[in-house]
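First comes the structure, then the notes that go with it.
The values are calculated or read from the model by the stated rules, or taken from the named source; none is laboratory data. Note that the structure is predicted; figures quoted are calculated from it, not measured. Quick reminder, even Gly has a Cβ in these numbers, built from the backbone with ideal geometry, and neighbours come from all protein chains shown. Quick note on the areas: whole protein, heavy atoms, side chains included, nothing else; ligands and nucleic acids left out. Shrake-Rupley method; radii C 1.70, N 1.55, O 1.52, S 1.80 Å.
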Amino acid sequence: MSKPEKIVAVKGMNDILPQDAPMWELFENTAETILKSYGYQKIVTPIVEDTSLFVRAIGAVTDVVEKEMYSFEDSMNGDQLTLRPEGTAGAVRAVIEHNLVYDGPKRLWYKGPMFRHERPQRGRYRQFFQFGAEAVGFSGPDIDAELIMLCRRLWDDLGLQNVRLELNSIGNADERLRHRADLIAYLEKHEDILDAEAKRRLHSNPLRILDTKNPAMQDMVGGAPKLLDYLGEESLAHLEGLKNILDRNAVQYTINPRLVRGLDYYNRTVFEWVTDELGSQGTICAGGRYDPLIEQFGGKPTPAVGFAMGMERIIELMKGLGEQQAPAQCDVYMVHQGEAAQLQAFIMAERLRDAGLDVVLHCATPAGAGSFKSQMKKADGSGAAFAVIIGEDEMAKGQAAVKSMRGEAGEQQQTSVAFEELVDHVVDQIIGGGDHDCDDENCAEHGHHHRP
């Protein structure tokens, strides 16, 4: 019988392995803590949505809808469905469907996988993860500033360096229309310089041509009409209000007149956080105001602004900070030998978990349960602060051996502790000593406060 062929992951869709999970958890926990501190609430939307949602939100003539969406027909009922390529459309659909702003504006955040059928490259995958926020029902520049400052706090807390803010205003639809007419006329005069992509976009999405990375087009694009010169009084006042708040809070930024969005529902503020440390995929977070979108989806006119950040790119920046020590898997590793000791170890492990500690209990492999020596090597590799050891001698005495695992070899002390006193003893050691009474009912008050 031939050996079955090995199945591998779909190209551009990656596994997050246990050794990488601590870095992801650090990012997610830090971001969630910061968003909560600003009053943002979590929203979870389906990974699959009606295809028409994205066609209406993103536009039928965009690359995403034309080439990149994973779309299919539901074989049960013929519905046209799509794996979400971004998070804003689903969040806005949920806001309208559940009338979330009936009692006032909402600050929302989300995280999860997105899908785009494009050529995998560094920092760009077919399944990728985004962390995003949407502030719905707020109209002033203050909320734009809040989202930008929230991002700055996240970069600071993660220790990321060399991340810079680029800012622009794309005004409103009327202002863009006037600019668009002049832009197309300008680009037509330089049609001999336009590459194939720019020629394709010339009449469908000329703003995106300003965002080109083609070196041969840079000088020509640099001389193109600037949207900032077409802004009216209200759009300029909104931009000045935002700049004033950022200036007063020492947020450094660059006004980039070429920073645009190709989608019609964006208006006024657009911003990106950019780094030079990831090659051409330098944007790690993009945001902007999209006041017309909710009305475009059939809701009442409601202003909104948000951002989305690519988690893989941020994780790559975090890895570049140097060797990150993996956090310990557990506080206590339970070592045991013999059937009676195994049963007792189960009981003690559960009691320690009741007290809020993380406990790994040694379990058998196909090679067997393992000697004390091999189990102690596992205990050391787990990063546990303590090993709790129960063998035949310990069972006879009604005691467990507790060994400190983190000191120097000569300092690793081993103490015998009665089974009924084990939880108190280990909790005392981990949270730094002190007398307290801790029975099974109130041990849980320690929670995970021993965690730094």
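Tabulated data
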| item | result |
| --- | --- |
| Among the residues listed as MET114, MET149, the single one being among the hydrophobic types (A, V, I, L, M, F, W, C) and surrounded by fewer than 19 Cβ atoms within 10 Å (Cβ to Cβ) | MET149 |
| Residue match in region 160-175 (condition: polar (S, T, N, Q), within 17 Å of the chain's Cα centre (by Cα) and buried (at least 17 other Cβ atoms within 10 Å of the Cβ)) | no |
| Qualifying residue in region 185-207 (condition: open to solvent by less than 30 Å² (accessible area, probe 1.4 Å), β-branched (Val, Ile, Thr) and more than 30 Å from LEU321 (Cα to Cα)) | no |
| Any pair with Cβ under 6 angstrom, 6 or more apart, that starts in region 286-308 at a residue that is under 17 Å from GLY140 (Cα atoms) and in a loop (DSSP other than H, G, I, E, B) and ends at one that is open to solvent by 40 Å² or more (accessible area, probe 1.4 Å) and of a type outside the set (A, V, I, L, M) | PRO301/GLU295; PRO303/SER139 |
| Residue, modelled with the lowest pLDDT, within region 18-49, restricted to residues that are open to solvent by less than 80 Å² (accessible area, probe 1.4 Å) and charged (D, E, K, R) | ASP20 |
| Options SER382, SER374, SER404: the member that is without any contact (Cβ under 8 Å) to a residue 12 or more places away in the chain and either under 30 Å from GLY12 (Cα atoms) or open to solvent by less than 70 Å² (accessible area, probe 1.4 Å) (or both) | SER374 |
| Out of GLY282, GLY241, sole residue that is touching a strand residue (DSSP E or B) at 6+ places or on another chain (Cβ under 9 Å) and among the small types (Gly, Ala, Ser) | GLY282 |
| Checking GLY298 against (1) touching a helix residue (DSSP H, G or I) at 6+ places or on another chain (Cβ under 7 Å); (2) surrounded by fewer than 13 Cβ atoms within 10 Å (Cβ to Cβ); (3) under 30 Å from ALA31 (Cα atoms), the condition it does not meet | (3) |
| Flag if GLU441 is open to solvent by 70 Å² or more (accessible area, probe 1.4 Å), modelled with pLDDT under 85, part of a loop (DSSP other than H, G, I, E, B) and closer than 20 Å to ALA355 by Cα | yes |
| All positions within region 219-235 that are open to solvent by 30 Å² or more (accessible area, probe 1.4 Å) and closer than 22 Å to MET149 by Cβ | none |
| Check on TRP109, crowded, with 19+ Cβ neighbours inside 10 Å and not polar (S, T, N, Q) | yes |
| Long-range neighbours under 6 Å by Cβ, at least six apart or interchain, first residue surrounded by 11 or more Cβ atoms within 10 Å (Cβ to Cβ) within region 413-434, second of a type in the set (Lys, Arg) and assigned to a helix (DSSP H, G or I) | VAL423/ARG351 |
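For (1) out of contact with any helix residue (DSSP H, G or I) (no Cβ under 9 Å at 6 or more places or on another chain); (2) closer than 28 Å to ALA304 by Cβ; (3) free of Cβ contacts under 8 Å to residues at least 12 places away in the same chain, each residue gets a yes or a no:
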{"site": "ILE193", "(1), (2), (3)": "no, no, no"}
{"site": "ARG200", "(1), (2), (3)": "yes, no, yes"}
{"site": "ASP219", "(1), (2), (3)": "yes, no, yes"}
{"site": "LEU231", "(1), (2), (3)": "no, yes, no"}
